[in-house]
Structures are given as structure tokens and as C-alpha cells.
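Asker: Here you go, one structure.
The values are calculated or read from the model by the stated rules, or taken from the named source; none is laboratory data. Note that the coordinates shown come from a computational prediction; the quantities given were computed from them, not determined experimentally. Here the Cβ positions follow ideal geometry from the backbone for every residue, glycine too, while neighbour counts run over all protein chains shown. For accessibility, only protein heavy atoms count, side chains too; no ligands or nucleic acids. Shrake-Rupley method; radii C 1.70, N 1.55, O 1.52, S 1.80 Å.
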Amino acid sequence: SLEPKEHSMEPLAVPEEEMPLTAASGPAGCPLFGYVGIEAVLDQMKIKTMKTGFEFNIMVVGQSGLGKSTMVNTLFKSKVSRKASQPGQEERIPKTVQLHSITHVIEEKGVKMKLTVTDTPGFGDQINNENCWDPIIKYINEQYERYLREEILITRKKKIPDTRVHGCVYFVPPTGHWLRPLDLEFMRRLSKIVNVVPVIAKADTLTLEERAEFKQRIQEDLKTHAISVYPQEDFDQDPDDRVLNDRIREKIPFAVVGADQEHQVNGKRVLGRKTKWGIIEVENPAHCEFPLLRDLLIRSHLQDLKDITHNVHYESYRVRRLNESNRP
């Protein structure tokens with residue numbers, strides 16, 4: 001018949017086996033009748049990770065004499081960074097920025113970490129520091145390129161060696177004034193390709209009032225010049241992470257003091273710097289903010305540094321390189 005059929009208001013019956021499954025079709029947390037052992041997956045991951053170990057690559061940038069090597073030794077409580085000069089020998093400042101990388105394997109409670117420390121002697125030491133960041137940018141991109149070449153091979157390695165720089169600690173001289181144009185230009189360029197963590201070096205040379213005022217000026221400079229340092233606000237996805245990172249961003253740049261010598265304080269051996277009026281304890285939050293830097297780099301955000309390096313900085317480099325190679 002060509003006559004239009006009357007449409008019924010009742011929904012069509014769909015067979016039970018063809019009903020679309022949605023998230024609301026079952027309970028959010030399915031109750032178990034007994035112990036299954038799902039939580040053992042965490043133990044399996046821990047054992048497997050402890051066997052393979054971790055890789056962490058850190059770069060320190062700053063003028064000579066700001067305590068970069070001492071700070072790295074203090075972070076990992078071992079002689080992992082090169083000495084600027086041998087005792088009794090005159091230290092020669094290189095004419096250009098030279099990069100030195102040293103790799104160590106550190107083990108603590110069965111957990112092995114392959115640590116690579118990259119130092120940048122000669123940065124900012126010359127009268128004319130024009131384009132002194134070029135060797136550093138070139139080195140970081142070379143590590144991305146090395147990883148990319150291994151990744152696009154037809155027969156890839158089971159575990160690609162990771163030499164990419166996961167974090168760059170930039171040492172700001174304790175002048176008490178504003179950031180220098182060199183500091184601003186470096187962090188502006190480097191923050192686009194690597195995680196930059198600024199710190200105020202040798203903060204014991206500033207009073208508490210000078211330290212607070214200097215830190216506020218640096219924060220204003222970073223905001224004025226739109227420099228995004230780690231942890232970046234754009235990458236905060238979890239609300240709990242945002243709350244934690246907001247507290248960290250309020251403290252950046254960390255006012256740190258480094259020391260690799262122990263002293264006796266109230267019957268305890270502590271890392272610190274001995275002065276005429278007392279001992280500055282490095283790991284005492286009342287004396288400096290070194291514990292905050294250590295927690296950020298090692299105890300709370302180490303894996304996040306690696307994830308952002310891989311998912312953001314390396315990914316942007318990979319997309320750019322593949323687009324360049326596909327152009328006619």
C-alpha cells in the first residue's frame with residue numbers, strides 16, 4: 001500500500017544480544033567473591049622495573065663558580081659530577097661553551113639508576129655571550145635525533161638507549177636584582193625543548209628579605225616574558241597534581257645551597273657549609289630550599305620529567321622532523 005503507515009510511539013524492541021553496552025550497564029566497582037590477586041600486578045611491575053633499572057639524564061647550566069658540580073654531588077650524595085679543576089692547578093675558562101657528560105650507575109636498596117650528568121662550562125663566562133646557547137640547543141636536539149633514528153628502524157632494539165635530557169637545572173647568580181637578559185633569553189629558548197628548573201645559586205649570600213624579594217622579581221620576569229618553566233601549568237591534568245604543582249610554582253626558583261662535606265651538629269653528621277657564625281645545613285628547610293629541589297627532581301617528579309620529555313618535547317621534535325622529511 002502507498003498509504004503512509006501510522007508510527008507508533010512505542011520504541012522498537014531490540015534483541016537482548018544486540019543491546020549496546022554502555023558504561024552504565026554494570027557497577028563501577030564489581031564486588032569480588034574472594035581474593036583474585038590482581039594487586040600482584042604491582043609486584044610484577046616492581047620486580048621487572050628493578051631488573052631493568054632506570055635512566056635519568058640531567059643537565060646543569062650556569063656561570064663558573066656557582067656550585068653546579070657541588071649541587072649535583074649533593075643531590076645524589078656521591079661524586080657523580082666532574083670537578084671544575086684539580087687542586088693546585090689553575091682553572092682555565094674555555095673560550096666557547098663545551099659540554100661534558102659523565103654517566104654513572106647508582107644503586108640504592110636494589111634499585112639501579114643510570115645517571116648521566118651534563119655540565120656546560122664556559123656558559124656566560126665571556127664578555128660577548130652572543131649565541132652561547134647554540135651548543136646546548138644543538139646537544140639536546142642531537143639526543144632527540146639519536147632516539148628518533150633508533151625508533152624508526154625496521155628492526156628496533158628491545159630497549160632503545162635513552163640519552164635525552166630529562167631536566168635542565170639553570171643556576172641564577174645571587175645578584176638580588178632582576179634576571180639578566182642572558183638568563184631570560186636562555187630560558188625562553190630552552191623551555192620550548194626541555195624541562196627547565198631555575199634555582200638561585202649560593203643562596204646563603206643573600207639575607208632572607210633579599211632572597212624573598214629576588215625570588216618575587218624572578219617570578220615577575222618569567223611571567224612578563226611568558227617563560228614556562230617546570231612544572232608547566234599546561235600539563236597539569238589531574239586535580240591533585242595541579243594542587244601540588246601550584247605549591248611548587250609558588251616556591252620557584254628554589255634558593256639552594258650545595259655542600260658535599262659533613263659536619264657535626266648536635267651529635268649528628270649533616271651536610272653543610274661551615275662559617276664563622278655557624279653551619280648552614282643543606283638539608284634543613286629552615287636554612288635553604290635544597291630539600292624542595294631534591295624532592296622535585298628525584299622523589300616526586302622524576303617519572304613525570306621523563307614522561308613530559310617523551311610525550312611533549314620529543315614528540316614535537318619527532319613531528320617536525322618527519323614533516324621535514326616528507327616534504328618534496
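Asker: Would you check which residues across region 277-307 are free of Cβ contacts under 8 Å to residues at least 24 places away in the same chain, part of a helix (DSSP H, G or I) and acidic (Asp, Glu) and list them?
Answerer: Within region 277-307, the subset free of Cβ contacts under 8 Å to residues at least 24 places away in the same chain is 277-279, 281, 283-286, 291, 295, 299, 303, 307.
Next cut, part of a helix (DSSP H, G or I) only: 291, 295, 299, 303, 307.
Within region 277-307, ASP295, ASP307 meet the criteria.
Asker: Of everything in region 189-215 that's polar (S, T, N, Q) and closer than 26 Å to ARG273 by Cα, which residue is surrounded by the most Cβ atoms within 10 Å (Cβ to Cβ)?
Answerer: To start, the set of residues in region 189-215 that are polar (S, T, N, Q) comprises 191, 195, 205, 207.
This time we only want the ones that are closer than 26 Å to ARG273 by Cα, so: 205, 207.
Values: THR205: 14, THR207: 10.
Filtering region 189-215 for residues that are polar (S, T, N, Q) and closer than 26 Å to ARG273 by Cα, the one surrounded by the most Cβ atoms within 10 Å (Cβ to Cβ) comes out as THR205.
Asker: Still on this model: Could you tell me which of the residues GLY272, GLY267 is within 26 Å of the chain's Cα centre (by Cα) and not acidic (Asp, Glu)?
Answerer: It is GLY272.
Asker: Another question about this same structure. Would you please name the residue that is modelled with the highest pLDDT, looking only at residues in region 85-106 that are open to solvent by less than 60 Å² (accessible area, probe 1.4 Å) and part of a loop (DSSP other than H, G, I, E, B)?
Answerer: LEU99
Asker: Pick from region 228-270 the residues that are β-branched (Val, Ile, Thr), open to solvent by less than 60 Å² (accessible area, probe 1.4 Å) and farther than 19 Å from PRO198 by Cβ: which of them is modelled with the highest pLDDT? Working first, answer last.
Answerer: Start the filter on region 228-270 by keeping residues that are β-branched (Val, Ile, Thr), which leaves 229, 243, 248, 252, 256-257, 265, 270.
Now restrict to residues that are open to solvent by less than 60 Å² (accessible area, probe 1.4 Å): 229, 248, 252, 256-257, 265, 270.
Subsequent filtering for residues that are farther than 19 Å from PRO198 by Cβ retains 265, 270.
Details: VAL265: 82, VAL270: 86.
Out of the qualifying residues, it is VAL270.
Conditions (1) among the hydrophobic types (A, V, I, L, M, F, W, C); (2) at pLDDT below 90; (3) under 27 Å from CYS288 (Cα atoms), marked per residue:
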position: GLN126; (1), (2), (3): no, yes, no
position: GLU142; (1), (2), (3): no, no, no
position: LYS158; (1), (2), (3): no, yes, no
position: ASN195; (1), (2), (3): no, no, yes
position: GLU209; (1), (2), (3): no, no, yes
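Matching residues to (1) more than 30 Å from ARG320 (Cα to Cα); (2) of a type outside the set (Val, Ile, Thr); (3) under 18 Å from the mean Cα position of the chain (by Cα):
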| residue | (1), (2), (3) |
| --- | --- |
| MET187 | no, yes, yes |
| LYS223 | no, yes, no |
| VAL229 | no, no, yes |
| ASP236 | no, yes, yes |
| PHE254 | yes, yes, yes |
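Asker: Taking region 271-282, which residues are open to solvent by less than 100 Å² (accessible area, probe 1.4 Å) and over 21 Å from PRO173 (Cα atoms)? I'd like the intermediate steps shown before the answer.
Answerer: Of all residues in region 271-282, those open to solvent by less than 100 Å² (accessible area, probe 1.4 Å) come to 271-273, 275, 278-282.
Scanning region 271-282 gives LEU271, GLY278, ILE279.
Asker: Sticking with this structure for a sec: Which one is surrounded by the most Cβ atoms within 10 Å (Cβ to Cβ) among residues in region 134-162 that are in contact with an Asp or Glu (Cβ under 7 Å, 6 or more places away or on another chain) and assigned to a loop (DSSP other than H, G, I, E, B)?
Answerer: If we filter region 134-162 for residues that are in contact with an Asp or Glu (Cβ under 7 Å, 6 or more places away or on another chain), which is where we start, we get 147, 156-157, 160, 162.
Still in the running and assigned to a loop (DSSP other than H, G, I, E, B): 156-157, 160, 162.
Values: ARG156: 10, LYS157: 9, ILE160: 14, ASP162: 20.
In this case the residue turns out to be ASP162.
Asker: Could you tell me whether VAL165 is crowded, with 18+ Cβ neighbours inside 10 Å, within 22 Å of the chain's Cα centre (by Cα) and either of a type outside the set (Lys, Arg) or within 26 Å of ARG211 (Cα to Cα) (or both)?
Answerer: Details: crowded, with 18+ Cβ neighbours inside 10 Å: yes; within 22 Å of the chain's Cα centre (by Cα): yes; either of a type outside the set (Lys, Arg) or within 26 Å of ARG211 (Cα to Cα) (or both): yes.
Yes; evaluated as a whole, the condition is true for this residue.
Asker: Here's something else I'd like to know. When both residues are 6+ apart or on different chains and their Cβ atoms are under 6 Å apart, which pairs have a first residue that lies in region 62-84 and is closer than 15 Å to VAL282 by Cβ and open to solvent by 50 Å² or more (accessible area, probe 1.4 Å), and a second that is modelled with pLDDT of 85 or more and assigned to a loop (DSSP other than H, G, I, E, B)?
Answerer: none
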